Amino acid sequence: MSNDDLKVRFFDAALEILATDGYGGLKLAAVCKRLKVTTGAFYHAFSSWNEFTVELLDTWRRERTTELADLSRSAADPVEQLQRLLVATLEFRHQAEAAIRVWAALDAEVAEVQQRVDAERYEVVVEAMTKLVGKKDASRYANWGVNILIGFEISTNEQVPVDLEWQLTQVLLTAVAQGEARKATRKTARKTARRSTA
């Protein structure tokens with residue numbers, strides 16, 4: 001097994017621990033136990049616990065934000081972009097993300113990564129929403145969607161992914177309806193302008 005493959009296994013184990021045991025459960029011994037390896041295997045892959053956590057968070061940010069943005073932007077249609085984002089969002093490890101938010105409240109470096117993740121997610125939604133509802137309202141829709149996601153992840157109520165899907169779908173449907181109304185208004189304005197110049 002390559003060192004990169006071993007690192008991925010450690011990252012997956014860490015995210016599973018975050019999801020099941022929370023930030024308090026994320027310890028070197030717990031990660032090694034989950035993988036049934038020794039601490040020597042861990043130190044073969046990483047020089048320190050700090051290096052591990054930095055790489056873990058960077059990998060999480062890249063997979064759940066940067067790659068997600070690239071997936072969205074690969075579609076030309078803004079509705080398809082937003083649908084792709086919705087589907088990908090439902091696949092997040094929400095309990096692990098909730099634990100990372102707790103961790104961010106206790107660690108300034110983690111908080112910086114968390115803020116970048118939230119900002120990048122917001123920006124990719126704004127980009128798609130701008131094409132759909134216009135610049136003026138795009139940030140409102142983006143905030144609405146991101147706030148739903150954050151609320152879902154940190155709520156102490158039982159959270160069911162199908163509820164998150166319904167909530168985010170309402171944002172998308174409302175945006176699509178506004179986008180259609182915006183198109184109709186512009187079409188009417190063009191017709192009126194042509195009549196007035198005829």
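The values are calculated or read from the model by the stated rules, or taken from the named source; none is laboratory data. Everything quoted here is computed from the prediction, not taken from an experiment. In this analysis, Cβ positions are derived from the backbone assuming ideal geometry, glycine residues included, and neighbour counts consider all displayed protein chains. The area values use the complete protein model at the heavy-atom level, side chains included, leaving out ligands, DNA and RNA. Shrake-Rupley method; radii C 1.70, N 1.55, O 1.52, S 1.80 Å.
For the range 113-172, calculate the relative contact order in percent as a whole number, restricting contacts to Cα pairs under 8 Å that are 6 or more residues apart. Contact order relative to length: 26 percent. Using θ = phi - 60° in the Karplus curve 6.51 cos²θ - 1.76 cosθ + 1.60, the 3J(HN,Hα) couplings for the range 10-24 round to 5, 5, 4, 4, 4, 5, 5, 5, 4, 5, 9, 10, x, 4, x Hz; x is entered for Gly and Pro. Taking 0.36 nm per residue of separation and subtracting the current Cα-Cα distance, fully stretching the chain between Ala105 and Val176 would add 22.0 nm. Sparse packing (at most 11 other Cβ atoms within 10 Å of the Cβ) combined with a DSSP loop state is found for the following GluC sites (Glu not before Pro) in the range 89-194: Glu91, Glu158. What the phi angles of the range 169-177 give under the Karplus curve with 6.51, -1.76 and 1.60, with θ = phi - 60°, is a coupling list of 5, 5, 4, 5, 4, 5, 5, 4, 4 Hz, glycine and proline written as x.
Can you tell me which of Val54, Val162, Val125 moves the most in a GNM of the chain? Springs connect C-alpha atoms under 10 Å apart. Sorting by GNM fluctuation, first place goes to Val162. Considering only alpha-carbon pairs that sit under 8 angstrom and 6 or more positions apart, the relative contact order computed for the chain is 19 percent. Contact order, relative form, for the range 1-79: 23 percent (alpha carbon pairs under 8 Å, 6 or more residues apart, mean separation divided by residue count). The range 67-99 and the range 147-163 have Cα centres lying 16 Å from one another.
Only lysine pairs 8 or more places apart or on separate chains count here, and in the chain those with Cα atoms under 26 Å apart total 14.
The share of accessible area on the chain that comes from carbon and sulfur is 54 percent, using a 1.4 angstrom probe. Computed from phi, the 3J(HN,Hα) profile of the range 31-45 under the Karplus parametrisation 6.51, -1.76, 1.60 (θ = phi - 60°) reads 5, 5, 4, 4, 8, 6, 10, 8, 5, x, 5, 4, 6, 6, 8 Hz, with x in place of Gly and Pro. Matching the structure-derived Kirkwood radius over Cα pairs in Å against the labelled list (i) 16.8; (ii) 17.5; (iii) 18.9 gives the label (iii).
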